[in-house]
Structure formats: C-alpha cells, structure tokens
Amino acid sequence: MQKNALHILLADDDEDDRLFFKDAFEEVKVQTKVEFVFDGLQLMEHLHNPDTKLPDILFLDLNMPKKTGKECLIEIKKTDHLKNLIIAIYSTSSSDEDIEDTFIHGANIYIKKPSDFNALKKIINEVITLNWHYHTSGLNRDNFLLSLK
Amino acid sequence: MKWIPNFNSSGSLRFIFIIAIFILLFLSSITYKHNQDLNESSKLVMHTYEINIQLEQLMSAIKDAETGQRGYMITRNSRFLAPYLFSRDKVNTSFIALKKLTADSPKQQENLKKLFKLIIQRYVSFENCLKYSEPRTYDKRKLDNHMFGGRILMENIRFQVDKMNDIEKKILEERLKKYDEEISLSPFFSISLFLAALIFILLAYRQISNDIVRLKIYNKKLLISSGLMAESEVIGKFSTWQWDLESNKIDYSDNQFRLLGEEPKSFIPKKETFLEFVHPEDKETIENSIQGIIDNKRLPFVYYKIVRKDKQIRYFKSTGKLLVDQQGSKILLGINFDITDEHLLNIKLQERNNELEKSNQELASFNHVASHDLQEPLRKIQTFISRVSDADRAVISDSAKEYITKIETSAKRMRVLIDDLLLFSRTNTTKKEFIKTDLNELFKNAISELAEVIDDKKAKITVSDLPKLYVIPYQIEQLFINLIGNSLKYSQPDILPTISIESEKVLAADYPELLDPSVKKYHKITFKDNGMGFDTQFKETIFVLFQRLHSKTDFPGTGIGLAICKKIVENHKGYITADSEINIGSLFTVYLPE
Amino acid sequence: MKLFIKFDINTICSLYLKEKLEEQNLNFSSLGFGEIELEENLSTDGLEELKKNLSPFGFEVVENQKSVLVQKIKDAIIELVYTDDNNNYKSSAYLADKLNHSYGYLSNVFSEVTYSSIENFIIIQKIERAKQLMLINEMSLTEIAFLLNYSSVAHLSTQFKNTTGITPSAFLRIIKKRRENLK
C-alpha cells in the first residue's frame, strides 16, 4: 500500500459536513492526511500558492460562497499545473444533468452527500481504493469517471 | 378579369348588319333589273305595233293606189292618179321603215322580200290595168285578167301582211311570255328576301334586348355588391384602393378616406398623398413596399403606422397585388386593414404573458430552491442521527432511544417527500426537449432502477414491444418507474406480483369523451398488475397531489407519485386513467399522441 | 487535427528504468514484471539514490515479498484482460497456474496488501479496457462485450454502471462533450 499518507483536500463551507468528512476519513483503513478550505476563493488561493503541496484527491463542494465549486472546477482544469488533479465533486444535488455537467467540465468523481454516516464511510473507501488503483495500475486518468449517488 | 360577362352583340350584330346590306343591294339590283325588263317589254310592244302600223300604212297606200286606179279607170280624170303616184312613195317609205324594223328577224326579212315582190307585181298589174284601160290600148280581156290578177295579188299581199303581223304578234307573245316568267320570279324573290331580312332584324333585336336585360341585371348586381362592399369595408375596418398604372389614376374606396381620418372623396388620391399619412418611422418601409409591388406584382403583408389629421396613431396592415385584365391594362389592387384594436390587444396579451411567465419562473425556481435547500438541514439531521452509534444507544434511556428512532422515521419521511417534490418541480421546469426515443430502452432503465425491489418481491414483469415516440426521455422513464414501482409496492402480500405492460395504437375517435380528436392516433400503453387494487370511486382522486388512499404507516408514500405521472403525461399532451378492483388488481392506462 | 496516441506503458517504463539504472552504472538483467536482477548487491545508499531517481516518475522500489507478489498478480491480470484470445480462461485458474500459487493464497495476499479483492481488480481492469475500446477503437458495446467475455451487452452495461456509477452511453457522451469543451 501507499507508503506516504494519502493527501486529501476538502473544500466545503459547511462546518458539519467538514466534521463528518474528517470523522469518516479517520475510520478508513488507509493512512490519510486531510486538509480543509472554507470557500472557493480560499481554495484557489491555496492551490495557486507555489508552496502548497497539491493533494492526491480534491473533494469539492459545489455550493460555496464567493466562488462556486463549478467555477473552481473550470478554473482548475484551465490551469496547467492543476489540471491533472483528481477532483471529486461532493454535492447535495442528484440530478443526472448536474452530474453529467460536472463530468463534462472535468470532474473525475461525483459524490452525492449521503445522509448516513456509514454510507459516507463506504463511499470514501470506494473512492480511495479506486483512486489508488488508478495511481498504481497505469489506468488512464482521463477516463477516470466514478459516480456515487 | 374573367368575371366581366361577354356580351355577344357586337359580333352577331356586325354579321347581321353585313347580311342586311347584302340583302338591300340584292333587292336594289333586282328592282333595277325589273325596271329594265318592263322597259324592254314595252319597247317590244311598241316595236310590234310599229310594224303593224307600217304594214297597214303599206296596205292603205296600196289601196290608195288601187282606188286611184279605179277612179281613173272609171272617170278618166287624171286627178285620181295623184294618189296612185304618191302611193308609190309611201310604199317605199314604209318599206324602208319596215326593213329597219324587221332587221332582227331574218324570217320577217324573207317575208318582207316576198311582200316587196308581190307589191312590185301589183304595181306592174296596176300599170298593166292602166295600160289596158287606156282607150287607145283597150283590151277587155287583158284588162279583166290583170284586174282579176290584181285582185288575187291584193289578197296575197293582204295574206302576206297578215302573216307578217301574225309572226310579229307571235314573236311579241313569246318575248312577253319570257319577260313575264322572268318578272314573275322577281316579286317572289323580293318577298323572300324581305322575309329573311325581317327575320334577321328580329333576331338582332332579340339579341340586343337580351343583352340589354343582362346588362341591367349585372349592373344591378354590381351596384348591390359595391354597396355591400362599401358596407363591409366599414364594418370590417378595412379599405381598398386601385391604381391604374397606365393612366396613373388612383382610386380610393370610401372607407379608405375614412380610415385615414378624412371624409370620403375629400381629396384626389395620389401616391404622395398616402405617404403623407404614414408615420415618419415607417415612411421608408412603405415607399419600398410600393416600389416592391410594381416590381414583384404582389405585396406580402406589411405592417406600419399612420398618423391621422387629428394626430391619432393607427396601426395598419396592408397587402396588394398587381392585376392584369383581359385587355392588358395593369391595375394595382391594395387592401388596408386597421388593426389598431388587435394590435393593442396583442400588446396587452404580450404583457400579460410576460407577467405570467415571470411569475411562473419565480414559482418554479422557488419550488426548486425550496426543495433543494430543504434537503440540507434534513441531511444533517439524518447524518447526525446515524452518528449516534450503537454504543451511544446502549447507554441512553429507552424513551430517548425511542425518540431517536421516531426522529429517524420522520426524517426519512421528510426526505421522501422532498425528493418527490423535487421530482415534481423538475417535471415542470426543466427544458422540455422531445427526442425520438425507443420506449423499450426507457423501460429497461426503469427496470434496472427497480431491480432490487423486483428481486425482493420476485416479481414477474412482462412487456410487449413498445413504440418509438417523441418524448422527454427521463420523464417517461420516471413514469415507468412510478407506475411499476406502485404496482410492486401495492402487491398482495402472499401472491407473487405479476405486472404486464402492453401497447397498441388506437384512434381518437374511439374515445370521444377522453381523447382530443384533433390528434388522430394515440398509443395506448396499459400497466396491469395483480396487486391489492383500490376502490373505483377513487379512480380520479388518486392522481390528485398529496392524495393517498392508505395511511403512511401501512405504506410508505408521499401521494406525489401519481401526480407526477399525471404531470408527465400532460407534458406529452396525453392522458392517464386508472381502474381497479379490490384484491384483484389495477389497470393504469396511458395514452400518448402519435 | 485530432490524433489518438496509444501508448504502451511497459515500453516507456522499461526505457526509463534502463536509463536510470545505467546512470547509476548498475548492470542488470530484466526478468519481466518489473523484476530486475542486479549483478551486484546494492548498498543502502545506492538503494536510496536509486529510489530517489526513480520516484519522480512514480517508480517505487518494492522490497516487500508480498508486494512483489501482488504486483505480479496485477500484471498477470492486466495481461489476461488485454490479450484478445477468447479462450475463456477462468481467471482464478489462470492466475493460480501462472504464478504457481493456489488461488486462495493469492486472493488473501492481494486483499491484505491492497485492501481490495482480485475480483474487484479484474472488473476494474476490464471496465478500463472497455473504456479504451469505446473511445479509441470506437467499438460497439456488443463487440466489446464479446471481446471481453461478457455473457451479454446487458451484463457489460450493468457491470460498467456498478463500477463507475454511470452507463456506458452516458460515459461516451460525457467524454465527447468534454473534448468539445476543450476545443
């Protein structure tokens, strides 16, 4: 398994969601390091900062103030040194159109925020496992699409 | 301009006129000939009597000679010889005249010669008688002979003269007969010609009077219809104008003046005068259109404004066409409609529409946002509840445990409600893109969505071949999910659910109270199940939003599912009905237009 | 102008590996499956240097035996999925055969190291290949299902959806729209 801890970044303005996320990651088998940003602007600033170590996976909430998740997604995909980030959209909406829309704009994973903690744990496990496979087994990142709703 | 009746008079009249002239000429020539013939015949008569007279004169001359001779012979007075001598001249004269008169008949000439011979013989006899009656040369026997011979000659002469007279008479009779024949035809000819002429004139008269009657009728009709036209222009608020391109004369109907705010016939219309009424904004368009009609022979509808004398602005709609009539003259026919009322109404309608749309949009986004934003706190509630671990539950009081469970249940119910509401609002608000879709595909998707429940209940679902229709795919998929889901949910507890879905084409005419007849054909898709059914009295209410037939503890459900189905079917301009028998099953029928 | 460039990871990696090893003046022979036999034993420093040189490109020097085995299992699976003969190998038999261990043992080691199952991995690889076949070779689902030994198109679609959460057609649609977006 991964020698280094998996580096996760979550961008979400909701305190409770961040709490759930943190707790879920703590109970995951893999070693992880989880960081948070609280809104879109903060996220982009963080990412553009040359000192920042880029995360292995970025979890991105769509409904954020100052800059929405979608805007961030588009900007990230346009930025050279960021466009290869694995991005998981983490959102409340479950409409197929919204999901497809985020995929079209470059997201790799779509997660509908579950209303059960165990479900969240399960989802995170799946994401991490799949992501790890993508890292280690030479799978094509461009074709990496996963929808969990 | 085919509707102008073709009056035939000119053609046939010309014909009749020419015939009449011919008849007249004919008649005159016949009359002339008749006259000539009469002349000729009277001349002939005169001719014959002339000959007669001459012959008698000849006779009388000879008689004179005879008488003179006799007198001399008796009296021996030389005075009696004078007539005898004169007679010879008379005879000659008559003879010359007769020769001329009989020049045309060789037969008579012959007779004349014979007569002449005879007369010469008589004169010889005269001479002889005179000689032999002279005392000196007196010879009684010779005298008697010659006297006797003379007497016979006289008879012969008389005979010859009579013969000649008879011949002349005969000739005359013949010629007269001939003329008679010829003449007798003429009156007959004239009368028949006269009758023919009369008939022609009568025909002509009939034709002309018919034409006149027709003209009068058409005239009357024209008057009536132009009267009606003028009335309808006033009632319908439109007007017409004509522009004779050759004479450049423009004619306005009375209402045209009125529509422009003027009195009828108050001015002489010209191209420029119309433009004066046009609103400055539209002047250029109208100028171009007028040019356009002349070039293209027609004017598609053009909309513009005019300003009346009283400064009122009216909205006009005009169209025109170039007409070429049978004689080749070009007339521009234009029609103007005063659509001010409709226009203003339109504007009001438009405004109302916009308001409605705005309010609709607001409602829709309110709906959507509300459901969406309601999900957040609900999700939190549920997640936090799920965080209350089993370990935690072990240490709290029983009542607290129960309360948490109840909170869980209510939260679940709220979630379902919000999900359904969200679905309902999405049915309304998202763009309605109709794509030709194979309903069998949508059915398959629906089945895979319900795969778990189908497996659980071991349900058997059969479907006949479904059509390809223009639909909103995700909505029809939702329709299938809801209907099949319902059948599964309300299945009878100890009977394996069987659901059969069938499709057929039907005619709108067969379902007059239900289907819209303007769409001829519908696809009828039936969903039949063997579930617990419902009381038929509720077959309409189950489609009402939030209406439920069971309590929520018996069956989880929001009462929105069927309302969503109805909305979806309505979006597709279709219909949905339900029928059922308790403990037997239910039948849901969906009609989608072709 | 659009080009599809298909690349063979193995070729690239071997070349890079060779380059880096030669830079360190290490004589080696390649045993396949990423296994390298060095002529001489490497010191700890040398090993560290090698690891440092290889890590920028995601190379990891695996020292653990079990990890080695797992890597071999993975490689074998990839080979199985990407060869086209339709001999209907049962994957368990194939792996046991190829790697000379019982399938149960292989399964255990795999789960222990990766925390996921061989079956799962096989499915992921197959779906990955299906994606490639869809996008690059533009094959139809029927053809792909046949090539990858699925019992039916429905089976492939279901597995696709279960693995990625979206249907193959949706996947295709999204990738297409993504490419249009990038233009």
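When each of B:S247, B:S190, B:S226, B:S232 is tested for being touching a helix residue (DSSP H, G or I) at 6+ places or on another chain (Cβ under 7 Å) and polar (S, T, N, Q), the lone residue that passes is B:S190.
Pairs are defined by a Cβ separation below 9 Å, a sequence spacing of at least 6 or placement on different chains, a first member in segment B:498-518 that is touching a residue at least 12 places away in the same chain (Cβ under 8 Å) and part of a strand (DSSP E or B), and a second member that is buried (at least 16 other Cβ atoms within 10 Å of the Cβ) and among the acidic types (D, E); the pairs so defined are B:T498/B:D529; B:I499/B:D529; B:S500/B:D529. Note on segment B:299-316: among residues that are in contact with a helix residue (DSSP H, G or I) (Cβ under 6 Å, 6 or more places away or on another chain) and β-branched (V, I, T), the one that is surrounded by the most Cβ atoms within 10 Å (Cβ to Cβ) is B:I306.
If we scan segment B:261-274, do we find a residue that is over 18 Å from B:T340 (Cβ atoms) and surrounded by 15 or more Cβ atoms within 10 Å (Cβ to Cβ)? Yes, because at least one residue in segment B:261-274 is over 18 Å from B:T340 (Cβ atoms) and surrounded by 15 or more Cβ atoms within 10 Å (Cβ to Cβ). Restricting attention to segment C:134-163, the residues that are at the interface with another protein chain (Cβ under 10 Å from one of its Cβ atoms) and over 21 Å from C:L80 (Cα atoms) total 3.
Return a yes/no flag: does segment A:7-28 have any residue that is of a type outside the set (A, V, I, L, M, F, W, C), within 14 Å of chain C (Cβ to nearest Cβ) and under 21 Å from A:L130 (Cβ atoms). So far as segment A:7-28 goes, yes, one or more of its residues are of a type outside the set (A, V, I, L, M, F, W, C), within 14 Å of chain C (Cβ to nearest Cβ) and under 21 Å from A:L130 (Cβ atoms).
Of the residues making up segment A:117-149, those that are free of Cβ contacts under 8 Å to residues at least 60 places away in the same chain, more than 9 Å from chain C (Cβ to nearest Cβ) and either surrounded by 21 or more Cβ atoms within 10 Å (Cβ to Cβ) or among the basic types (K, R) (or both) are A:K122, A:I123, A:R141. Among the conditions (1) surrounded by 18 or more Cβ atoms within 10 Å (Cβ to Cβ); (2) modelled with pLDDT under 85; (3) under 25 Å from B:M414 (Cα atoms), B:L515 misses just one, which is (3).
Per the listing B:E449, B:E433, B:E408, the residue uniquely at pLDDT below 85 and more than 60 Å from the chain's Cα centre (by Cα) is B:E449. If you go through segment B:522-577 and keep only what is at pLDDT 85 or above and at positive phi, you end up with B:G533, B:K573. Can you say whether A:L43 is more than 14 Å from chain C (Cβ to nearest Cβ) and surrounded by 21 or more Cβ atoms within 10 Å (Cβ to Cβ), as far as the supplied structure shows? Against the criterion (more than 14 Å from chain C (Cβ to nearest Cβ) and surrounded by 21 or more Cβ atoms within 10 Å (Cβ to Cβ)), A:L43 qualifies.
For segment A:66-75, the count of residues that are more than 9 Å from every other protein chain (Cβ to nearest Cβ), of a type in the set (A, V, I, L, M) and in contact with a His (Cβ under 8 Å, 6 or more places away or on another chain) is at least one.
Of the listed requirements (1) over 22 Å from C:I9 (Cα atoms); (2) within 13 Å of chain A (Cβ to nearest Cβ); (3) surrounded by fewer than 17 Cβ atoms within 10 Å (Cβ to Cβ), C:A93 misses just one: (2). With the requirement that a residue be in contact with an Asp or Glu (Cβ under 6 Å, 6 or more places away or on another chain) and modelled with pLDDT of 90 or more, what does segment A:47-78 give you? Hit for segment A:47-78 is A:D61, nothing else. Taken over segment B:408-419, the criterion of being of a type outside the set (K, R) and either assigned by TED's automatic domain parsing to the domain that holds B:Q547 or closer than 26 Å to B:N367 by Cβ (or both) is satisfied by B:T409, B:S410, B:A411, B:M414, B:V416, B:L417, B:I418, B:D419. For segment B:458-484, residues that are assigned to a helix (DSSP H, G or I) and surrounded by fewer than 18 Cβ atoms within 10 Å (Cβ to Cβ) total 1.
Residues considered: B:S397, B:S386, B:S371, B:S365. Of these, the only one that is more than 30 Å from A:A24 (Cβ to Cβ), among the small types (G, A, S) and either surrounded by 12 or more Cβ atoms within 10 Å (Cβ to Cβ) or more than 10 Å from chain A (Cβ to nearest Cβ) (or both) is B:S365. In this structure, B:N440 does not qualify as in contact (Cβ under 8 Å) with a residue 12 or more places away in the chain, closer than 21 Å to B:I501 by Cβ and within 12 Å of chain A (Cβ to nearest Cβ).
Taken over segment A:79-116, the criterion of being away from chain B (no Cβ under 14 Å) and modelled with pLDDT under 85 is satisfied by A:K83, A:N84. For segment B:317-362, the candidate set comprises residues that are outside any strand (DSSP E or B) and among the hydroxyl-bearing types (S, T, Y); within that set, the residue that is surrounded by the most Cβ atoms within 10 Å (Cβ to Cβ) is B:T340. Restricted to segment C:96-168, the set of helices (runs of 4 or more DSSP H) holding at least 2 residues that are under 15 Å from the mean Cα position of the chain (by Cα) and not charged (D, E, K, R) comprises C:103-114, C:118-135. Taken together, the criteria place B:S133 among residues that are more than 28 Å from B:I53 (Cβ to Cβ), of a type outside the set (A, V, I, L, M) and touching a residue at least 40 places away in the same chain (Cβ under 8 Å). Once segment C:110-133 is narrowed to residues that are crowded, with 20+ Cβ neighbours inside 10 Å and more than 9 Å from chain A (Cβ to nearest Cβ), the residue that is farthest from C:I5 (Cα to Cα) is C:F110.
The values are calculated or read from the model by the stated rules, or taken from the named source; none is laboratory data. These numbers were taken from a predicted model, which means no experiment stands behind them. Virtual Cβ from ideal backbone geometry, glycine too; neighbours counted across all protein chains shown.
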